[in-house]
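The values are calculated or read from the model by the stated rules, or taken from the named source; none is laboratory data. What you see is a predicted model; the values in this text were computed from it and never measured. Methodologically, a virtual Cβ is constructed for each residue, glycine included, from the backbone with ideal geometry; neighbour enumeration extends over all protein chains shown. Calculation scope for accessible area: heavy atoms of the full protein, side chains included, ligands and nucleic acids excluded. Shrake-Rupley method; radii C 1.70, N 1.55, O 1.52, S 1.80 Å.
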Amino acid sequence: VPGAALSGGVLLAQCGVLMHSFWQRLNALFFYTLSCLGAFAFLAAATTYFHEAEPRVSLQLERIMLRRIQSAGHDQAILSLAIDADLRSVFNWNVKQLFVYVTAEYETQANVLNQVVVWDSVISEPEQAHIKSDLVVNKYSLTDQGFGLRDNEVKLVLNWNVVPATGLLTLSHAFDQIHTFQVPATYA
């Protein structure tokens with residue numbers, strides 16, 4: 001045999017077989033593991049796609065105080081809300097947390113749609129997902145950049161973002177439970 005006197009690695013190289021280094025093997029193992037984890041994460045997220053939540057939401061305005069901030073050039077409304085929202089059915093094994101918030105939506109001459117977040121909360125456990133309070137004062141004032149709130153119709157909507165452990169961030173609205181009210185025509 002003509003190449004028998006050569007060492008084993010040289011003989012393998014002459015036959016067209018090349019041994020990979022330790023780092024090449026580690027790289028292949030790492031990316032194979034990463035690909036498997038990605039596939040499992042996708043399958044895990046896909047299992048929650050067919051989950052149908054049935055939240056119950058009731059949103060009411062208890063009190064409103066309208067102020068004109070002349071120096072800043074805008075209207076400001078302080079709201080007291082009654083919230084009864086049972087979002088426990090939204091939770092499944094893939095939900096990490098819910099970001100729940102109330103928006104006030106109204107029209108002005110300058111803008112067709114104004115949306116202002118007036119209250120929010122982060123819910124991490126299903127036990128906390130039943131929000132029931134007769135007196136929730138808005139965390140963020142309802143402020144119009146101008147004087148378009150007075151004697152205007154405002155709609156309150158409860159919204160929530162589902163933050164999953166894996167998968168897409170989804171947004172939901174309780175459009176079937178919108179509370180509409182008229183802002184007073186006079187300032188407090």
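Just a few scattered comments:
- Among residues of region 157-177 being among the β-branched types (Val, Ile, Thr) and modelled with pLDDT under 90, the one that is surrounded by the most Cβ atoms within 10 Å (Cβ to Cβ) is THR166.
- Hits in region 93-107 - residues which are loosely packed, with under 15 Cβ neighbours inside 10 Å and modelled with pLDDT of 90 or more: LYS96, GLU107
- Every pair of residues 6+ apart whose Cβ atoms lie under 6 Å, when the first sits in region 120-131 and is closer than 13 Å to TRP160 by Cα while the second is in a loop (DSSP other than H, G, I, E, B): ALA129/LEU87
- Scope region 65-91; condition polar (S, T, N, Q) and modelled with pLDDT under 90; matching residues: GLN70, SER71
- Test result for ARG88, basic (Lys, Arg) and closer than 22 Å to ALA188 by Cα: no
- Residue match in region 175-186 (condition: among the small types (Gly, Ala, Ser) and in contact with a strand residue (DSSP E or B) (Cβ under 7 Å, 6 or more places away or on another chain)): no
- The set of residues from region 159-188 being in contact (Cβ under 8 Å) with a residue 60 or more places away in the chain, at negative phi and in contact with a Ser or Thr (Cβ under 8 Å, 6 or more places away or on another chain) comprises TRP160, ASN161, VAL162, PRO164, GLN177.
- Answer from ALA53, ALA82 - the residue that is open to solvent by less than 60 Å² (accessible area, probe 1.4 Å) and not in a loop (DSSP other than H, G, I, E, B): ALA82
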